[in-house]
Amino acid sequence: MELFFLGTGAGIPSKERNVTSIALSLLEEINHVWLFDCGEATQHQILHTSIKPRKINKIFITHLHGDHIYGMPGLLSSRSFQAGEEGLTIYGPEGIREFIETSLKISATHLSYPLSIIEIEEGKIIDDENFAVYAMKLDHGIVSFGYRVVEKDKPGELLVDKLKNMGIMPGPIYKQIKENPVTILENGLSIKQDDVIGTKKKGRVVSILGDTRYREEHISFIKDSTVLVHEATFDHEKQSLARDYFHSTTTQAATLAFKGNVKTLILTHISSRYQKEMFHQLVKEAQGIFKNTHMAKDFYQIKIENN
């Protein structure tokens with residue numbers, strides 16, 4: 001599991017930051033990539049990474065402001081020319097269907113793969129054998145969602161040495177023991193799975209919030225996240241401006257991370273008013289509240305380790 005930041009700027013692209021898009025690589029887990037937002041020129045940014053558009057099978061849109069969606073028609077179209085035959089599902093607020101279908105219709109774009117568009121509400125929006133994904137409405141000028149991706153716990157490893165000490169040698173029986181609560185051996189011995197399986201591997205949690213004001217209500221949603229990705233459009237001194245424009249500051253993002261007991265905070269969606277020489281100060285502000293804070297830049301990657 002790895003995060004790729006394809007665009008980390010707010011509102012408009014700058015020389016240093018493209019507009020918002022984040023890829024969550026799940027190639028090792030399920031051989032897919034999930035995209036969160038798709039700002040203008042996202043497909044150009046992808047060209048500078050190892051990401052293959054045909055591997056993107058889910059796109060999650062936080063909200064419908066242009067800096068988060070204007071790259072979508074181009075990416076969807078290009079995917080047809082890049083051996084993209086597997087279906088793709090887009091999740092987002094009401095209106096995302098009209099935007100996509102209108103863009104494709106007017107441009108006479110024909111896709112080579114099935115496209116599903118799901119307009120979401122709050123709550124659990126995905127639940128499969130590997131992951132659950134939850135959505136929560138945030139506090140922005142238009143409907144904006146945060147997403148919480150929860151990896152399901154993995155079974156513990158088979159305690160091979162313990163089985164050998166019990167006289168049970170490697171073979172098909174090991175698979176049977178691992179897959180069944182109780183296994184009866186040929187000699188009548190009963191083996192309980194819980195007795196010969198190690199501790200479960202705790203799943204990772206990634207929370208990615210769209211544009212939003214700071215709200216205490218968000219704490220429970222991001223609680224205990226392995227990684228929290230949060231906007232930090234403004235510096236600490238501009239809290240009033242942040243509130244007026246429905247955004248957050250560096251210290252507000254850090255406060256949420258601290259109160260939510262997350263492991264790592266990554267700041268993104270940085271206003272173009274801040275030049276490169278100011279980035280260190282922005283990070284320092286947040287680290288004064290939550291030490292394990294990083295600021296994303298375009299093409300920043302972070303591997304998400306197990307809890």
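The values are calculated or read from the model by the stated rules, or taken from the named source; none is laboratory data. This is a predicted model, so every value here is computed, not measured. Glycine gets a Cβ as well: all are built from the backbone with ideal geometry, and neighbour counts include every protein chain shown.
Restricted to the range 156-215, the set of strands (runs of 3 or more DSSP E) holding at least 3 residues that are surrounded by 12 or more Cβ atoms within 10 Å (Cβ to Cβ) comprises 205-209.
Restricting 97, 54, 17 to those that are modelled with pLDDT under 95 and among the charged types (D, E, K, R) reduces the list to 54. Residue count for the range 227-261 under the criterion of being surrounded by 21 or more Cβ atoms within 10 Å (Cβ to Cβ), among the polar types (S, T, N, Q) and in contact with a strand residue (DSSP E or B) (Cβ under 8 Å, 6 or more places away or on another chain): the result is 4. In this structure, is residue 102 under 19 Å from residue 208 (Cα atoms), hydroxyl-bearing (Ser, Thr, Tyr), in the same structural domain as residue 298 (by TED's automatic domain parsing) and surrounded by fewer than 21 Cβ atoms within 10 Å (Cβ to Cβ)? Taking the combined requirement at face value, the residue does not satisfy it. Here is the figure for the range 46-91: residues that are within 23 Å of residue 119 (Cβ to Cβ), among the acidic types (Asp, Glu) and in a loop (DSSP other than H, G, I, E, B) total 1. Beta carbons closer than 8 Å, at least 6 apart along the sequence or on distinct chains, pair a first residue in the range 7-19 that is on the phi < 0 side of the Ramachandran plot with a second that is of a type in the set (Phe, Trp, Tyr) for 8/300; 19/70.
The rows are residues; the columns are (1) in contact with a helix residue (DSSP H, G or I) (Cβ under 9 Å, 6 or more places away or on another chain); (2) under 29 Å from residue 100 (Cα atoms).
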position	(1), (2)
118	yes, yes
130	yes, yes
161	no, no
174	yes, no
182	yes, no
187	no, no
191	yes, no
198	no, no
204	no, no
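If you go through the range 22-46 and pick out every residue that is under 20 Å from residue 96 (Cα atoms) and touching a His at 6+ places or on another chain (Cβ under 8 Å), you end up with 3. In summary, residue 43 fulfils each of the numbered conditions (1) of a type outside the set (A, V, I, L, M, F, W, C); (2) surrounded by fewer than 20 Cβ atoms within 10 Å (Cβ to Cβ); (3) in a helix (DSSP H, G or I) with the single exception of condition (2). Screening residue 164 on (1) over 35 Å from the mean Cα position of the chain (by Cα); (2) at pLDDT below 85 shows it passes everything except condition (2). Quick one: is residue 273 free of Cβ contacts under 8 Å to residues at least 24 places away in the same chain, assigned by TED's automatic domain parsing to the domain that holds residue 131 and more than 23 Å from residue 61 (Cβ to Cβ)? So residue 273 passes the test. Of the residues contained in the range 197-204, one or more are found to be small (Gly, Ala, Ser) and under 28 Å from residue 3 (Cα atoms). Counting only residues that are of a type in the set (Gly, Ala, Ser) and in a loop (DSSP other than H, G, I, E, B), which one in the range 216-238 is farthest from residue 152 (Cα to Cα)? Here the residue is 232.
Evaluate the following for residue 60: is it on the phi < 0 side of the Ramachandran plot and at pLDDT 95 or above? Taking the combined requirement at face value, the residue satisfies it.
Each residue in the range 13-26 was checked for being touching a helix residue (DSSP H, G or I) at 6+ places or on another chain (Cβ under 7 Å) and not in a strand (DSSP E or B), and 3 of them qualify.
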